[in-house]
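See structure below.
Taken together, the values in this text are just the output of simple stated rules run on the coordinates, not laboratory data. It should be emphasised that the depicted structure is a prediction, and the values quoted were computed from it without experimental measurement. Please note: Cβ atoms are built from the backbone with ideal geometry, for glycine as well, and neighbour counts cover all protein chains shown.
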C-alpha cells in the first residue's frame, strides 16, 4: 500500500509541476473501473460465467470426494466389530491414505482453478488495456489510472472512461 501511495503522491506532484508549466491539461487524467469492465463487458461476462462454471466443477469434485470418504468411514465403523484387529488396522490405514490422496486432489483442483482464474482475468485486463491505449491515443489522454478506493479517492464522472471501454469490448 505504501508503494501505491508513493506512486500516487509522485503522480500528483508531477501533475502539479506539469500544470504549472502549462504543458499538462488538468482534464487529461482519466479513470477506468476495471471491476466494472469485468462485470459489464460482453467478454467480461463470458469470463465471469466460465469462472463460475470452473468453480462449480471444483465444488462437485470436492463434494464427491468428501462423500466417498464419509461412505468409507461409515462402512469401516460398521464393520469394526466384525473385523480382526489386523484387518481393521489395514482398512483404517487405507482410509487414511485415501484421505491424503483426496486432500492432494482437492489441493491440485484448487491450484488449477486459481490458475484458470488468473489466466482469464489477465486476458480481460490485457484486452481492456489495449482498448484504453487506443482511446487514450485517439483522444490525447495523457494519463489513465485504475479507479480503485486504494488509489483514486474521488474522480468526477466526466473523467471516467469505463463506459467507453465497456462499449468497445462489446458491452
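Mean separation of Cα pairs under 8 Å and 6+ residues apart, divided by the residue count of segment 15-171: what relative contact order is that in percent? Mind showing how you got there, number by number?
Numbers: 114 pairs, mean separation 82.6, N = 157.
Relative contact order here is 53 percent.
A straight line joining the Cα centroids of segment 39-64 and segment 78-92 runs 42 Å.
For the residues 154, 141, 30, what sequence is obtained by ranking on other C-beta atoms within 10 Å, fewest first?
On the way: 154 7, 141 18, 30 22.
Ranked by crowding around the Cβ, least crowded first: 154, 141, 30.
Residues of segment 38-74 falling in the label zone of residue 105, defined by backbone nitrogen less than 14 Å from a point 7 Å along Cα to beta-carbon, are 58-73. The modelled label-to-label distance for the pair residue 146/residue 45, using points 7 Å beyond Cα in the direction of Cβ, is 2.4 nm. For a modelled paramagnetic label at residue 98, 7 Å from Cα along Cα-to-Cβ, the residues of segment 63-79 in reach, with backbone nitrogen under 13 Å, are 65-79. Fewest neighbouring Cβ atoms within 10 Å first, the residues 138, 112 line up as 138, 112.
By other beta-carbon atoms within 10 Å, ranking 71, 113 with the fewest at the front produces 71, 113.
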